[in-house]
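Trainee: Below is one structure. I have some questions about it.
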Amino acid sequence: MRISYQYRLKPTKEQAEKIEKTLEMLRFQYNYQLAQRFHWYEENRSPVDRCSIFVCHLPELKDQPNRFSQQASLTQLKKDRPWYKEIYSQVLQEVPKKVELAFDRWLKGDSNGKKSGRPRFKSAGQYKTFTFPQFKQHHFINNKITLSKIGDIKVIVHRQIPDGFNIKTVSVTKKADGYYVTLSLDDKTVPTIKPDFNANNIVGIDVGLIDFIVTSDDERIAAPKFLRKAERKLKSAQRRVSRRKKGSNRRKKAIKKLGIQHKKVSDTRKDFHFKTTNNLLKKYDVIAVEKLNIKGLARTWLAKSINDAGWGQFIAILSNKAGNAGLKVIAVNPNGTSQECSNCDALSLSKGGSKVIKPLSQRMHNCPVCHASLCRDLNAAINIKARGTHALKAQSMSS
């Protein structure tokens with residue numbers, strides 16, 4: 001079983017300077033190796049409908065840079081630029097791996113075939129993480145961690161590592177309020193949790209902007225709107241940044257304070273998502289949610305409110321925690337959940353159900369057929385539960 005624990009680091013001034021210098025040198029290498037790949041791509045690509053192989057001279061293709069060829073070049077890099085010897089070799093070798101991952105996601109896509117945007121060069125301060133891919137267990141004792149080429153750094157251990165788990169990798173990350181270390185822990189004796197749930201203990205949840213969630217049991221959690229509540233402080237911090245001279249120390253301090261404000265909003269939202277997830281999983285074994293196109297919704301005039309709610313992060317946390325507990329989250333088609341009448345028929349209009357078309361501003365669902373009258377969010381949650389139940393039965397029959 002693989003889990004991750006994150007702790008805050010308390011480096012000395014000299015150690016913090018080493019971390020900053022390491023991040024900056026790694027950033028230079030990331031940009032250089034990414035530029036190598038872009039150069040190869042521009043020099044060797046040729047659309048098939050632009051050039052005739054009978055007329056045009058096709059030059060010999062150059063070898064494509066890859067992770068291993070770029071890792072091999074690091075030996076010469078240390079000869080040409082001896083200051084790169086200050087970085088632990090395995091940390092430096094992780095850079096070509098990051099470059100290849102970003103480049104392949106752009107050209108080939110991920111395991112699902114979904115492509116990412118063109119990789120960007122990282123400007124000063126944008127390279128924030130480096131990883132030690134191998135780590136010896138005895139280098140983390142009590143509240144001290146030993147990082148090669150950096151030294152022994154104090155760690156705030158707010159929870160102990162579970163017995164039997166070994167540290168596999170260590171990542172150091174710079175955030176707005178300081179430095180953090182993420183330990184990837186593994187214990188092969190702990191089996192993967194198999195699903196063990198009561199299919200009848202199911203609930204449907206409808207996410208929204210007024211109520212964060214409404215369950216099919218008519219329980220509501222109001223949207224906390226963390227970003228909206230923090231807007232005044234964020235605007236004030238942003239104005240301080242705008243008024244400072246570019247490149248000055250005062251501007252750097254103002255930027256740091258602005259980053260801390262944004263991180264506070266992000267951390268508070270994440271904590272709310274974890275607590276909401278915990279409460280749901282204590283009560284229900286199966287949770288049905290809508291499979292929303294959140295990126296598409298975030299391009300509408302409701303973008304700020306949707307991003308403030310953080311539906312994507314919430315559903316990701318819910319799915320992950322449910323899987324770790326042996327419970328289940330099932331995503332259903334969201335089309336028509338607010339329009340179809342849950343009292344007539346939640347699954348199919350062909351069976352006599354009715355569809356009540358209503359604008360977003362209309363918060364009540366009033367069915368002209370069965371005369372049911374209820375909140376549109378509750379109506380949607382009941383429909384989501386019915387679709388989840390149907391999907392769960394279909395999965396059990398197919399298996």
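The values are calculated or read from the model by the stated rules, or taken from the named source; none is laboratory data. Keep in mind that this is a model prediction, so the values were computed, not measured. Note: ideal-geometry Cβ built from the backbone for every residue, glycine included; neighbour counts use all protein chains shown. Keep in mind that these areas ignore ligands, DNA and RNA; they rest on the heavy atoms of the full protein, side chains included. Shrake-Rupley method; radii C 1.70, N 1.55, O 1.52, S 1.80 Å.
Trainee: What aspartates and glutamates sit close enough to K21 to cross-link, taking a C-alpha to C-alpha distance under 16 Å and skipping anything fewer than 8 places away on the same chain?
Mentor: Once the sequence-local aspartates and glutamates are set aside, what remains near K21 is E86.
Trainee: Let me ask another. Take the Cβ-Cβ distance between D163 and S398 as r, set R0 to 30 Å, and report the resulting FRET efficiency rounded to the nearest 0.05.
Mentor: For D163 and S398, the calculated efficiency is 0.15.
Trainee: If I ignore ligands, DNA and RNA and count only protein heavy atoms, how much of V265 is accessible to a 1.4 Å probe, in Å² to the nearest 10?
Mentor: 10
Trainee: With label points built 7 Å along Cα→Cβ from the Cα atoms of I156 and H39, find their separation and express it in nm.
Mentor: 4.4
Trainee: Considering the zone a paramagnetic label at N320 would reach in this model (a point 7 Å from Cα along the Cα-to-Cβ line), which residues of segment 267-289 have amide N under 15 Å from it?
Mentor: Output list for this probe position: 267-278.
Trainee: So for S305, S319, what's the accessible-area order with a 1.4 Å probe, most first?
Mentor: From most exposed to least exposed: S319, S305.
Trainee: Dipole magnitude of segment 288-399 about its Cα centre, charges +1 at Lys/Arg Cβ and -1 at Asp/Glu Cβ only, in debye to the nearest 20?
Mentor: Dipole about the Cα centre, nearest 20: 140 debye.
Trainee: From the phi angles alone, apply the Karplus equation (6.51, -1.76, 1.60; θ = phi - 60°) to segment 163-174 and give each ³J(HN,Hα) in whole Hz, x where the residue is Gly or Pro.
Mentor: With coefficients 6.51, -1.76 and 1.60, one gets 4, x, 8, 10, 7, 9, 9, 10, 10, 9, 10, 9 Hz.
Trainee: Per residue, what accessible area does the chain have, given a 1.4 Å probe and all protein chains present, in Å²?
Mentor: 61
Trainee: A further question follows. Which angle between 0 and 90 degrees, to the nearest 10, do you get for helix 89-107 versus the longest principal axis of the chain when only C-alpha atoms count?
Mentor: Roughly 50 degrees, rounded to the nearest 10.
Trainee: Which percent of the accessible heavy-atom area of segment 112-221 goes to carbon and sulfur, probe 1.4 angstrom?
Mentor: 48
Trainee: Separate question: Out of every Cα pair in segment 113-188, what percent are spaced more than 21 Å from each other?
Mentor: That fraction is 39 percent.
Trainee: Of the cross-linked pairs K13/K144; K233/K264; K18/K246; K18/K149; K154/K174, which ones have a Cα-Cα span greater than 18 Å in the structure shown?
Mentor: K18/K246
Trainee: Please work out how much length the chain gains when fully extended from D217 to K108, using 0.36 nm per residue of separation minus the C-alpha to C-alpha distance, in nm with one decimal.
Mentor: 34.8 nm
Trainee: Could you tell me the accessible area of W83 in Å² (1.4 Å probe, neighbours in place), rounded to the nearest ten?
Mentor: About 120 Å², rounded to the nearest 10.
Trainee: In nm, to one decimal, how far is the A199 label point from the I260 one, both placed 7 Å along Cα→Cβ?
Mentor: With each label point 7 Å from Cα toward Cβ, the separation is 5.4 nm.
Trainee: Right, another one. Set Lys and Arg Cβ to +1 and Asp and Glu Cβ to -1, take the dipole of the chain about its Cα centre, and tell me which of I294, N343, N320 lies farthest positive.
Mentor: I294
Trainee: Please give the solvent-accessible surface of R228 in Å², to the nearest 10, using a probe radius of 1.4 Å with every protein chain present.
Mentor: The accessible area of R228 comes to roughly 100 Å².
Trainee: Report the relative contact order of the chain, percent, no decimals, based on alpha-carbon pairs under 8 angstrom and at least 6 residues apart.
Mentor: 16
Trainee: Please give, to one decimal in nm, the separation of the simple spin-label points placed at W301 and K62, each 7 Å out from Cα toward the Cβ.
Mentor: 5.1
Trainee: Report the full-extension gain for the segment I294 to K235: residue separation times 0.36 nm, less the Cα-Cα distance, to one decimal in nm.
Mentor: Full extension from I294 to K235 adds 18.6 nm.
Trainee: Continuing with this model, one more query. Let me spell out the model: positive unit charges on the Cβ of Lys and Arg, negative unit charges on the Cβ of Asp and Glu, origin at the Cα centre of segment 147-287. What dipole size does that give, in debye rounded to 20?
Mentor: In debye, rounded to 20, segment 147-287 gives about 2240.
Trainee: Still on this structure: If DNA, RNA and ligands are ignored and the probe is 1.4 Å, what is the ranking of T12, T277 by accessible area, most exposed first?
Mentor: T12, T277
Trainee: Students sometimes get this wrong: rank C367, C344 by accessible area, probe 1.4 Å, all chains present, largest first.
Mentor: Correct descending sequence by accessible area is C344, C367.
Trainee: Would you mind checking the tilt of helix 226-243 against the longest principal axis of the Cα atoms of the chain, expressed as 0 to 90 degrees and rounded to 10?
Mentor: Between the helix axis and the principal axis of the chain, the angle is about 30 degrees.
Trainee: What length, rounded to one decimal in nm, is gained on full extension from K79 through to R250, with 0.36 nm per residue of separation minus their alpha-carbon distance?
Mentor: Using 0.36 nm per residue and subtracting the Cα-Cα distance, I get 57.8 nm.
Trainee: I would also like to ask the following. Once both axes come from the Cα atoms, what is the angle between helix 249-283 and the longest principal axis of the chain, in degrees from 0 to 90, rounded to 10?
Mentor: Its long axis makes an angle of about 40 degrees.
Trainee: Please identify, among K295, K18, K256, the residue showing maximal mean-square fluctuation in a Gaussian network model of the chain using a 10 angstrom Cα cutoff.
Mentor: In this elastic network of the chain, the residue with the biggest mean-square fluctuation among K295, K18, K256 is K295.
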